Amino acid sequence: MSTITLAPRVAPARRTTSAARRPAARGQVRLTRRGRLVVFLLALGVVTLAAVWLAAGSAATREDGGAPQIELVTVAPGDTLWDIASDAAATTGDDVRDMMRTIQQLNTIDGSVLYAGQELRVPAVG
């Protein structure tokens, strides 16, 4: 009979110190944790500067567009909101319905009921 003997094979100990200190191959860059952080922060700075530069071209200004040109119209007996809006729309070139809405918003009117002697703010041509 033959005998087989099994013995555990012990691998030779690896020397990690020489492999870690080995210089990088030509054309290959190895970054440490600190190096990766520096590269990330530099890229973040470039992106931030680009965003600020692009946002600087914004068309918004601090100056207002000026107050809208309005005129005060006194309601005469028999005048309707439609009559006043159609006169104003004829001078500005707007639609009568849109002008009615604008007059209602400028004067905080809920409906279309007007009273003789009432003063209305009406958009005018500037």
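Taken together, the values in this text are just the output of simple stated rules run on the coordinates, not laboratory data. Predicted, not measured: the structure shown is a model, and the values here were computed from it. Here the Cβ positions follow ideal geometry from the backbone for every residue, glycine too, while neighbour counts run over all protein chains shown.
Some observations on this one:
- Tabulated pairs, the stretch 104-126, first closer than 17 Å to Thr80 by Cβ and touching a residue at least 40 places away in the same chain (Cβ under 8 Å), second hydroxyl-bearing (Ser, Thr, Tyr) and part of a helix (DSSP H, G or I), C-beta under 9 angstrom, 6+ apart or interchain: Val122/Thr102
- Taking the criterion of being surrounded by fewer than 14 Cβ atoms within 10 Å (Cβ to Cβ), of a type in the set (Asp, Glu) and touching a Leu at 6+ places or on another chain (Cβ under 7 Å), the only residue of the stretch 75-126 that qualifies is Glu119.
- Of all residues in the stretch 39-89, those satisfying the criterion of being among the acidic types (Asp, Glu) and over 18 Å from Val122 (Cα atoms) are Glu63, Asp64.
- With respect to the stated conditions, Glu71 is touching a Pro at 6+ places or on another chain (Cβ under 9 Å) and of a type in the set (D, E, K, R).
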